[in-house]
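The values are calculated or read from the model by the stated rules, or taken from the named source; none is laboratory data. What you are looking at is a predicted structure, and each value in this text was computed from that prediction instead of being measured. Counting neighbours? That spans all protein chains shown, and the Cβs are built from the backbone with ideal geometry, glycine included. Just so you know, the surface numbers come from the protein's heavy atoms only, side chains and all, with ligands and any DNA or RNA stripped out. Shrake-Rupley method; radii C 1.70, N 1.55, O 1.52, S 1.80 Å.
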Amino acid sequence: MFRSGQQIGSYILVQRIGRGGFGEVWLAERRTKFVTTKVAVKLPLDEQIDAETIKLEATLWEQASGHPNVLPIIDADDYDGQIVIVSEYAPDGSLELLLEKTNGTLPISKAVELTIGILSGLEFLHSRQIIHRDIKPANILLQGDTPRLTDFGISRAMKTTSNSKNIAGTPFYMSPEAFDGKRTVQTDIWSVGVILYQMLSGKLPFSQSSQGELLAAIIMREAEPLLSSIPPELRRIVMKAIAKQSTERYQTAREMRDDLQSFLLKVSQNDFQATQPMIESSQLFSQATEKMPIPFQQTAKQEPNQTHQPILVKESIKIETKPTKNLQSKKFLAFAVAALLLLSVVGGGYYLMRDAEKISSTTNQNPLENLEDIQPITFLKNGKYGFSDINKKLIIEAKYDDAYLLSEGLIRVMLNKNGVSLIKRETQ
């Protein structure tokens, strides 16, 4: 038996992290003069040693390496009669252990993201004519949030398996045709569908205790529908992956992965829209200007008989808003407000200058001096704002929407700069 501290070749065993029919898997360290590297070492049991099987596994694993969702092989050799297969070490355990910690279920987004990673690795294997044949949570290791496929002990080249009668795999995750020894891309897809079903529901679609009952259920019975709390689109994807007939399942791992990515995109878009404040552009401008400080305060004395009444403003609509979930939402809102302010400044400034020119051309006086004499008053008519003198004689026709706030503010600034008292505001 193997023990902690035992050295095999250049590897020192640290802790056993797994055991199966093939042998044991140990966390080990490869120590050199300058660096110590943690690795996972698979050690076949003596009675299970088959040189051809080991060679096949190592060869397939080497072909499968080079993808972020596949755990790469590092070494395969015989050290003093002990065969070892060495791979990278995934420090965060397996998907099986994660499900045990979470009572069998994961949040929908987490489950879908993990499945997308599994399918991405599987697509890579299939492109190299390799069928995994034993996709299950114990054979999916985690490195952070990245799932990595491992354990190619019963994998075979695709070209040799379509009519193979060798029954191998874990029954709970095997497709109907797999019990007859048939292995294709769709048998791996079935296994992924079962895992996704399990992550969403906390149980297997078929979990009969005896192998005979399990086989009958997988071949003849339909899986119990997922809970209604699972979005319909996601339920459809899961049920298509575990369709009884392989021709009715996804034909490639990429096809299923694309559907899951589209589902995630729709969910993220809906979440984003649901968190955005439902505010009209004019309200955005109004809210922004209400928070802007008035740059000049009143400097001239008020006339004793001069009173100020509040301007008549349309009743504001109360809008319930939810806080944005992330920084992108806040940036989007800030950008919208800035754009509206810029448009209002340009538009309001243009009309103000044009109207000032009209006043100047008709009176042959400095516009500001004219404004001081006539004491312009803001008024509301048919939902638009304009200016009149103290005798209600029209100066600027009512044509401003919310931009009147900006126009009034600009006039106030201009008048103050020229030593003129603040304009009187009345309603009409």
Report summary line: Note: among SER246, SER262, just one is out of contact with any helix residue (DSSP H, G or I) (no Cβ under 8 Å at 6 or more places or on another chain), modelled with pLDDT of 65 or more and within 28 Å of VAL194 (Cβ to Cβ), namely SER262
Report task. Please tell me if ILE108 is surrounded by 18 or more Cβ atoms within 10 Å (Cβ to Cβ), at negative phi and either out of contact with any Cys (no Cβ under 9 Å at 6 or more places or on another chain) or in contact (Cβ under 8 Å) with a residue 40 or more places away in the chain (or both). Result -> no
Report task. Evaluate the range 44-56: report whether one residue or more is crowded, with 17+ Cβ neighbours inside 10 Å and either polar (S, T, N, Q) or in contact with a helix residue (DSSP H, G or I) (Cβ under 7 Å, 6 or more places away or on another chain) (or both). Result -> yes
Report task. Report yes if some residue within the range 175-182 is closer than 27 Å to PRO44 by Cβ, exposed (fewer than 15 other Cβ atoms within 10 Å of the Cβ), modelled with pLDDT under 55 and not polar (S, T, N, Q); otherwise report no. Result -> no
Report summary line: Residue count, the range 25-45, condition among the hydroxyl-bearing types (Ser, Thr, Tyr) and either outside any loop (DSSP other than H, G, I, E, B) or at pLDDT 95 or above (or both), comes to 2
Query raised in the report: SER65 is checked against (1) surrounded by 14 or more Cβ atoms within 10 Å (Cβ to Cβ); (2) closer than 29 Å to SER262 by Cβ and fails just one. What number does that condition carry?
Result: (2)
Report task. Output the qualifying pairs, or none if there are none: Cβ atoms under 7 angstrom, residues six or more apart or on different chains, first residue in the range 61-82 and over 16 Å from SER120 (Cα atoms), second residue of a type in the set (D, E, K, R) and surrounded by fewer than 18 Cβ atoms within 10 Å (Cβ to Cβ). Result -> ILE73/GLU62
Query raised in the report: Out of curiosity, is ASP145 open to solvent by 10 Å² or more (accessible area, probe 1.4 Å), free of Cβ contacts under 8 Å to residues at least 60 places away in the same chain, within 27 Å of GLN7 (Cα to Cα) and of a type in the set (D, E, K, R)?
Result: no
Query raised in the report: When only residues in the range 3-25 that are more than 24 Å from VAL35 (Cα to Cα) and of a type outside the set (Asp, Glu) count, which is surrounded by the most Cβ atoms within 10 Å (Cβ to Cβ)?
Result: GLY23
Query raised in the report: In this structure, does ASP151 turn out to be at pLDDT below 90, over 25 Å from ALA51 (Cα atoms) and not basic (Lys, Arg)?
Result: no
Requested in this report: Considering only the range 208-258, state which residues are open to solvent by 70 Å² or more (accessible area, probe 1.4 Å), within 26 Å of LEU114 (Cβ to Cβ) and part of a loop (DSSP other than H, G, I, E, B).
Outcome: GLU222, GLU224, PRO225, LEU227, SER228, SER229, GLN251
Report summary line: Checked pairs for the range 21-39, first of a type in the set (Gly, Ala, Ser), second open to solvent by 80 Å² or more (accessible area, probe 1.4 Å), C-beta under 7 Å and 6 or more apart or across chains, list as GLY23/GLN48
Report summary line: For LEU200, the lone unmet condition from (1) buried (at least 18 other Cβ atoms within 10 Å of the Cβ); (2) without any contact (Cβ under 8 Å) to a residue 60 or more places away in the chain is (2)
